[in-house]
Amino acid sequence: MTGTLTVTENAVPKPKTLPDAQTVTAVTHWTDRLFSFRVSRPQTLRFRSGEFVMIGLMDDNGRPLLRAYSIASPSWDEELEFYSIKVPDGPLTSRLQHIEVGDQIILRPKPVGTLVLDALLPGEHLWFLATGTGLAPFASLMRDPETYEKFEQVIMMHTCRTVEELEYGRRLVEGLKNDPLIGEMVEGKLLYYPTTTREESPNMGRITDNLSSGKAFVDLGLPPMAQGRDRAMVCGSLAFNVDVKKVLEGFGLTEGANSDPREFVVEKAFVGEGI
Ligand code: FAD
Ligand code: A2P
């Protein structure tokens, strides 16, 4: 076959744009420590609500500076949403907090994580237990119809130091009632239990204390957790995760994983001991 021109993949010129770049479509600053933003979604990206990806910016040396971020939007959304801390001297967030609509960020389209519905055994009540930006994976799961198809009652417990730190979650839950896709599914099924620990608000106290004392169950009109009925997902600081795990185990629940579904799953909201 002499004289035949063979075209191989190597012969196709590569595009010279930023790899995995996505465009910022919206930015909202909630407090001087918290903001959320939306970006375009890679057409090929499939993920399960609750998973996280690596996102970031180019550093001054032209190298990608990436961090793990939970996707806060549900798997059906056309865009991707993120809910972020602003760490004053944080390598990434000291810069990321200044992004504006039209800017580009890097997003590696390889979603992973343990906070997925598949990692839990079937049950009736699903508890989302979060502190701070640990709300992000649940912002995704609270907007996913599958959550309400699988569970009769979904309870979002979110604790922050102050009232203003709860605002992103409060607005999101409030908006769900009028959501054309899941507004009706959420009605009567989603219970929201926000608390503060360092500022007066209608509900006070740490999640661990409110579960251990039984206060949360009384306030919500639900029975105490039981292994056969209750499932939980946990996302907060390491100290929070360790302490909640003990509380859940006290109710007879055991920790599972993607490969071994059980009664609860845990993921760190960040690495380190807080700011
Ligand atoms: P880093 O050098 O990464 O962090 C500096 C210090 O800031 C840390 O040691 C810690 O003490 C503190 N810190 C970092 N992140 C947080 C946080 N979220 N809340 C409170 N204190 C923090 N961050 C988000 O803001 N939103 C998310 O959805 C999110 N999802 C994550 C999912 C996973 C699985 C993991 C492991 C981390 C996640 N993080 C999330 C944390 C994130 O990866 C970065 O640590 C954060 O963006 C700060 O980056 P940085 O480079 O500015 O500072
Ligand atoms: P507290 O104010 O009593 O420390 P942070 O801003 O430090 O990340 O904390 C976020 C929220 O998580 C705060 O309301 C804090 O309560 C709470 N929290 C921190 N550590 C724990 C823990 N080990 N168990 C339960 N709640 C915790």
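Among the residues making up the range 207-224, those that are in contact with a helix residue (DSSP H, G or I) (Cβ under 8 Å, 6 or more places away or on another chain) and either within 16 Å of ligand 2 (Cβ to nearest atom) or of a type in the set (Val, Ile, Thr) (or both) are ILE207, THR208, ASP209, ASN210, LEU211, SER212, LYS215, ALA216. Count of the range 126-174 residues, restricted to those that are of a type in the set (Asp, Glu) and not in a helix (DSSP H, G or I), is 2.
Residue count for the range 40-94, restricted to those that are open to solvent by less than 40 Å² (accessible area, probe 1.4 Å), closer than 21 Å to ALA26 by Cβ and either in a strand (DSSP E or B) or within 16 Å of ligand 2 (Cβ to nearest atom) (or both): 14. Would you point out the residue of the range 178-206, among those that are of a type in the set (Ser, Thr, Tyr) and surrounded by fewer than 18 Cβ atoms within 10 Å (Cβ to Cβ), that is farthest from ligand 2 (Cβ to nearest atom)? Here the answer is SER201. If you go through the range 207-253 and pick out every residue that is open to solvent by 40 Å² or more (accessible area, probe 1.4 Å), in contact with a Phe, Trp or Tyr (Cβ under 8 Å, 6 or more places away or on another chain) and hydroxyl-bearing (Ser, Thr, Tyr), you end up with 0.
Cβ separations smaller than 8 Å between residues 6+ apart or across chains give the following pairs from the range 114-142 residues that are under 11 Å from ALA232 (Cβ atoms) and of a type in the set (A, V, I, L, M, F, W, C) to residues that are open to solvent by 10 Å² or more (accessible area, probe 1.4 Å) and assigned to a helix (DSSP H, G or I): LEU126/LYS150.
Take the residues in the range 37-76 that are within 14 Å of ARG95 (Cα to Cα) and under 18 Å from the mean Cα position of the chain (by Cα); name whichever of them is nearest to ligand 1 (Cβ to nearest atom).
Step one: list which residues in the range 37-76 are within 14 Å of ARG95 (Cα to Cα), which gives 37, 55-60, 64-67.
Next, only the ones that are under 18 Å from the mean Cα position of the chain (by Cα) stay: 37, 55-56, 66-67.
Working: PHE37: 11, ILE55: 9, GLY56: 8, LEU66: 9, ARG67: 3 Å.
Only one residue tops the list, namely ARG67.
On the stretch given as the range 23-65, residues that are modelled with pLDDT of 95 or more, acidic (Asp, Glu) and farther than 22 Å from PRO111 by Cα total 1.
State which residue is farthest from the chain's Cα centre (by Cα) when the search covers only the range 146-177 and only residues that are of a type outside the set (A, V, I, L, M, F, W, C) and open to solvent by less than 20 Å² (accessible area, probe 1.4 Å). Show your work before the answer.
Quick first cut of the range 146-177, residues of a type outside the set (A, V, I, L, M, F, W, C) only: 146-150, 152-153, 158-159, 161-162, 164-165, 167-171, 174-175, 177.
Those still in the list that are open to solvent by less than 20 Å² (accessible area, probe 1.4 Å) too: 147-148, 158-159, 168-169.
Numbers: THR147: 14, TYR148: 17, HIS158: 12, THR159: 14, TYR168: 12, GLY169: 11 Å.
Looking at residues that are of a type outside the set (A, V, I, L, M, F, W, C) and open to solvent by less than 20 Å² (accessible area, probe 1.4 Å), I get TYR148.
Take the residues in the range 121-138 that are open to solvent by 10 Å² or more (accessible area, probe 1.4 Å) and within 15 Å of ligand 2 (Cβ to nearest atom); name whichever of them is nearest to GLU165 (Cα to Cα). Can you show your working first?
From the range 121-138, those open to solvent by 10 Å² or more (accessible area, probe 1.4 Å) are 121-125, 131-133; that's our starting set.
Pick out the ones that are also within 15 Å of ligand 2 (Cβ to nearest atom) and you get 131-133.
Working: THR131: 10, GLY132: 7, THR133: 9 Å.
Here the answer is GLY132.
The values are calculated or read from the model by the stated rules, or taken from the named source; none is laboratory data. Keep in mind that this is a model prediction, so the values were computed, not measured. We place every Cβ from the backbone using ideal geometry, glycine too, and count neighbours over all the protein chains shown. With ligands, DNA and RNA removed, areas are computed over all heavy atoms of the protein, side chains included. Shrake-Rupley method; radii C 1.70, N 1.55, O 1.52, S 1.80 Å.
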